[in-house]
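The values are calculated or read from the model by the stated rules, or taken from the named source; none is laboratory data. Small disclaimer: the values here were computed from a predicted structure and weren't measured. Ideal geometry is used to build each Cβ from the backbone, glycine not excepted, and the neighbour counts take in all protein chains shown.
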Amino acid sequence: MTIMASYQKPGIAFRRKQVTRLLAILEDIFEHEPYLGEQLHKVGKRQIIGYWQRTRHESPQTRKEKYAILKLFFEQAHLRGRVPFPKLDS
C-alpha cells in the first residue's frame with residue numbers, strides 16, 4: 001500500500017497494526033454493503049457511520065485510532081467525502 005507509505009506515526013509495529021485495521025475496516029464495509037462492489041470511491045459517510053454502529057463495543061481509544069487511519073487513508077487516496085468521527089460512549 002504505497003498510499004500509506006508517508007504515514008507519520010513512529011514505529012513499524014504501529015503502522016503495521018493500523019494498516020491491518022484499515023484492511024479489516026474496508027473488508028467489513030464491503031461485507032455489509034455488497035452493493036458497493038468493492039469499489040473504494042463508493043465508500044462514503046453512510047458506510048462509515050454504519051461501520052461505527054457495528055463496532056460500538058470497542059474502546060474509545062481503539063475507535064480514535066481507527067478514525068485516524070481512515071481519515072489519513074481518505075486524504076492520501078484523494079477519496080471524496082469526509083470521515084465522520086465515531087461517537088465515543090463514556
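Acidic (Asp, Glu), assigned to a helix (DSSP H, G or I) and within 18 Å of Leu79 (Cβ to Cβ) - does that describe any residue in the range 37-47? Within the range 37-47, not a single residue is acidic (Asp, Glu), assigned to a helix (DSSP H, G or I) and within 18 Å of Leu79 (Cβ to Cβ).
Looking only at the range 59-74, residues that are loosely packed, with under 12 Cβ neighbours inside 10 Å and either among the charged types (D, E, K, R) or assigned to a helix (DSSP H, G or I) (or both) come to 1 in all.
For the range 20-28, the condition holds for no residue, the condition being that it is in a loop (DSSP other than H, G, I, E, B), at pLDDT 90 or above and under 13 Å from the mean Cα position of the chain (by Cα).
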